[in-house]
Structures are given as structure tokens and as C-alpha cells.
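Each remark here refers to the structure printed beneath this line.
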Amino acid sequence: MSSGLKDISNYDHEKYMQVAIEEAKIAGGRGDKPIAAVLVHNHKIIGKMSNTWNTRNSKVHHAENYLILENAQYLRKHGKECIIYTTLEPCLMCIGTIVMADIRNVVVGLEDKYMQTKKFIDSHNWLKDRIFNFLVGIKENECKELINRYGSERDKSILL
Ligand SMILES: [Zn+2]
């Protein structure tokens, strides 16, 4: 059993974040939150998903959560070797799902200064032991622009 992917420095983070940004634009354009996530394994995109609050009339269909549920069987086998890319720092629900799905590597566009998930991970041993890499700020300006362009006034006030 693999202990998991620990060195992700040879991955093209900007390339995968750009795919997430394009998905987030589509979500914003249809009236959902402009947030999206991409799942990568061995430099290949396994799946991508955007927020579907409106489309599915569900406040728990966050991009990361939904992406993981849609790929749960694949992740059961390969989760530890995968990276999840997300345009906005995952919320507490999604970081729980990420870790439960065995994903050990998280790459984030824009920090969520309100949710402060990184701070929570660092203060919580169970999470800290299971997350090998948590990179923040990949294509940050483009991810900010998504919130500026499609987000609500409240989104802007807490995220930007
Ligand atoms: Zn979430």
C-alpha cells in the first residue's frame, strides 16, 4: 500500500489551476458560485467539477465535495497519489471530504481569509498528519478576478 504522493514539485500547478479557472467561469456564467476543482493523478486530469449551488439547488454541492463523490471509487484506489486543485481554499466540509477520500495534496488559487482552513489544519493533528502539501496562491489574481466578476457582494466582502 502506497504511503502517498509527497513531492508534487514536478507538477505543472498553473496548468491544472487554469483548467479549474475555466470551469469556474462556466459556473459563474450560469449563476453558480465561480469556484471549481480539478482532480489530477500521475499528471493526468481524472475529473473536474464546479460549484452547483443553483443548478442542483444544494448548498453542499461545493466543487470539491461533488468532484470527490463523483470519483469516489477511483479515489478509493488512487486517492493517496492524487492532487486536488481548487480555485478557492476548501471550506471545512470539503477539507474533511478531501482527507476522507485519502487525497493528501491540495493546491489552492485564492486563500479564504474568512474560513481560514489552513490555520485549522495546522492546529488539528488528524488533518495535519494527512495533508502532505497545501499550496496556496497559484494563479491567485485570476481566482480573485472570478469572485470579482461573478461573486455576490457578500462573496467579495469576505473573500477579497
Ligand atoms: Zn466546500
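Observations, loosely collected:
- Kirkwood-based shape ratio for the chain, expressed as Rg/Rh from alpha carbons: 0.94
- Backbone amide hydrogens, once placed in the peptide plane, bring T87 within less than 5 Å of A36, G109, excluding anything fewer than 5 places away on its chain.
- Loop-located trypsin sites (Lys or Arg not before Pro) in region 1-82 (DSSP state other than H, G, I, E, B) with a sparse environment of at most 14 neighbouring Cβ atoms within 10 Å: K6, R30, R56, K59.
- Fewest-first sequence of T87, T97 by Cβ atoms within 10 Å of each Cβ: T97, T87
- Between helix 140-150 and the chain: long-axis angle, C-alpha atoms, 0 to 90°, nearest 10: 40
- Summing charges over neighbours of D102, with a neighbour being any other residue whose Cβ is under 13 Å away from its Cβ, gives +3 when K and R count +1 and D and E count -1.
- On Cα atoms only, tilt of 13-29 relative to the major axis of the chain in degrees: 40
- Pairwise centroid distance, computed over Cα atoms, of region 83-112 with region 1-73, Å: 9
FYI, it's all coordinate maths here, none of it is from the lab. What you see is a predicted model, and the numbers here were worked out from it, not measured in a lab. Note: ideal-geometry Cβ built from the backbone for every residue, glycine included; neighbour counts use all protein chains shown.
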